[in-house]
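Working notes for the structure below.
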Amino acid sequence: MADNTPTSTPAGSTSKPLTGSLLNSATKPASSPVMKPVEPAKDPKGMFDWSNAKPYVIGKDESLFDVAQKFSVALQQLRYFNHINKATMKVKEGQTIYIPNKPIEVPYGA
């Protein structure tokens, strides 16, 4: 047998549920710091799009070969992408290079 007695709400309560903005207003800080957008890296020669490439800073006693192995990138692609001298392949500690996110076509002899 079903009970058809009406239910009542306590005095002073509302049947309207709390909204997310009402719940979160107490936990949000009064003001958040303004972050300036970071300028994407630009290839000085304009050959490549470095905006999606991962920047990497060369460490002490680290070679371009070490970086290529670390990121599983072909050495010649990494060299060409960063305009590093083909004859020396020299990089310096503290130098920022960019790791391509897709294979780079290196022209023959480049």
Scan of segment 70-107 for residues that are under 20 Å from the mean Cα position of the chain (by Cα) and of a type in the set (Phe, Trp, Tyr), ordered by number
Phe71, Phe81, Tyr98
Within segment 18-30, does at least one residue satisfy the condition of being in contact with a Lys or Arg (Cβ under 7 Å, 6 or more places away or on another chain) and at pLDDT below 95?
no
Would you mention how many residues in segment 43-73 are assigned to a loop (DSSP other than H, G, I, E, B), at pLDDT below 95 and either out of contact with any Asp or Glu (no Cβ under 9 Å at 6 or more places or on another chain) or of a type in the set (A, V, I, L, M, F, W, C) (or both)?
9
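The values are calculated or read from the model by the stated rules, or taken from the named source; none is laboratory data. If you're wondering where the values come from, they're calculated on a predicted model, not measured in any experiment. With ideal geometry, Cβ positions are generated from the backbone for all residues, glycine too; neighbour counts draw on all protein chains shown.
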